[in-house]
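To keep things clear, I will list the structure first and then write my remarks on it.
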Amino acid sequence: VDAFQAWCGPCKTVVDLFQKIRNEVGSDLLHFAVAEVDCIDALEKYRGKCEPVFLFYEGGELVAVVRGANAPLLQKTILEQL
């Protein structure tokens, strides 16, 4: 989940990376979403940050968090979680 605030919008630079990885591993294993933290109470702790936050869930549980648009770290985390 790309957790963003309305004033900065979702991290568009990472969308291409997500699409590339999803095409490589298959759409059955990997799902991406964006969530505006200003509108979701459960994501309140991510408000007021000036960097994008990427949340990784498995079975409804948060399993990893990556802060910042660090493409190599995001790719590594995605592949590790798979």
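The values are calculated or read from the model by the stated rules, or taken from the named source; none is laboratory data. Small disclaimer: the values here were computed from a predicted structure and weren't measured. Note: ideal-geometry Cβ built from the backbone for every residue, glycine included; neighbour counts use all protein chains shown. Side chains included, ligands, DNA and RNA excluded: accessible areas come from the protein's heavy atoms. Shrake-Rupley method; radii C 1.70, N 1.55, O 1.52, S 1.80 Å.
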State whether the residues of the range 22-32 include one that is touching a helix residue (DSSP H, G or I) at 6+ places or on another chain (Cβ under 7 Å) and assigned to a strand (DSSP E or B). no
Anything in the range 1-21 that is under 21 Å from G59 (Cβ atoms) and assigned to a strand (DSSP E or B)? List them, or say none. D2, A3
Filter the range 19-55 down to the residues that are free of Cβ contacts under 8 Å to residues at least 40 places away in the same chain, among the hydrophobic types (A, V, I, L, M, F, W, C), open to solvent by less than 60 Å² (accessible area, probe 1.4 Å) and closer than 23 Å to L82 by Cα and list them by number. A33, A35
Could you give me the residue pairs with C-beta distances under 7 Å whose first residue belongs to the range 66-82 and is closer than 18 Å to K49 by Cα, whose second residue is assigned to a loop (DSSP other than H, G, I, E, B) wherever it lies, and which are 6+ apart or on separate chains? R67/E51; G68/E51; G68/P52; A69/C11; A69/P52
Would you mention how many residues in the range 1-18 are surrounded by 15 or more Cβ atoms within 10 Å (Cβ to Cβ) and either over 16 Å from E51 (Cβ atoms) or in contact with a helix residue (DSSP H, G or I) (Cβ under 8 Å, 6 or more places away or on another chain) (or both)? 7
